[in-house]
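Working notes, structure below.
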Amino acid sequence: MITSAPEPRSRVRIVAVGAAVAFLGLALALRALFDGAVEQSSGTALYASMVYAGVVFLAPRMRPVVAGAVAILFCWVVETAQLTGVPATLSAHSVVARLALGVQFDPRDLLWYPAGVVPIVIVDAWLRRTP
């Protein structure tokens, strides 16, 4: 039986899943090693990186810059939703909700989301140009 290389969309999805797992591992390692500002800021940036990986997984043909914009916009929407108190209520009942939605609005997070996405957009665009 002859096997062929996975089609480009499958490769992009495989890389996206691998990246999300790597980001999660890095976030957990940073959380275990540090606390305070390092933990908060790195966690926020890594969360945004994972959101980018999720966007690419769901839409592998989306251009990296567009996927980056979607990821940042999603993060900003989730962050500003924290002003309503709904994410805090949901987070009080679920660890998953707390990880996905957060608890309390922090305006600094609005700057850390692009910090987590932009480097990955650059790497993704470069990898997609490389045959």
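Okay, here's what the table says:
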read-out	value
Cα→Cβ-extended label distance, 7 Å offset, between LEU58 and LEU111, nm	2.9
Candidates per trypsin sites (Lys or Arg not before Pro) in the stretch 40-131, loop by DSSP, up to 13 other Cβ within 10 Å	ARG61, ARG108
Radius of gyration and maximum dimension Dmax of the chain, Cα, Å	16.0, 57
Phi-based couplings in Hz for the stretch 55-66 (Karplus 6.51, -1.76, 1.60; Gly and Pro marked x)	4, 5, 5, 6, 9, x, 8, 5, 4, x, 5, 5
HN-Hα J in Hz across the stretch 76-90 - Karplus 6.51, -1.76, 1.60, θ = phi - 60°, x for Gly and Pro	5, 5, 4, 5, 5, 4, 5, 5, 7, x, 4, x, 5, 5, 5
The chain: angle of helix 109-129 to the longest principal axis, Cα-based, in degrees nearest 10	0
Integer Hz, Karplus 6.51/-1.76/1.60 couplings in order for the stretch 39-47, x for Gly and Pro	4, 5, 5, 5, x, 5, 5, 5, 4
Helix 8-33 vs. the chain, principal-axis angle (Cα, 0 to 90°, nearest 10)	40
Ordering of 84-93, 15-24, 67-76 by packing [mean C-beta count within 10 Å, highest first]	67-76, 15-24, 84-93
Lys, Arg +1 and Asp, Glu -1 on Cβ, resulting dipole of the chain about Cα centre, debye, nearest 20	560
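Every read-out reported here was derived from the displayed coordinates using simple, explicitly stated rules and does not represent laboratory data. It should be emphasised that the depicted structure is a prediction, and the values quoted were computed from it without experimental measurement. Quick reminder, even Gly has a Cβ in these numbers, built from the backbone with ideal geometry, and neighbours come from all protein chains shown.
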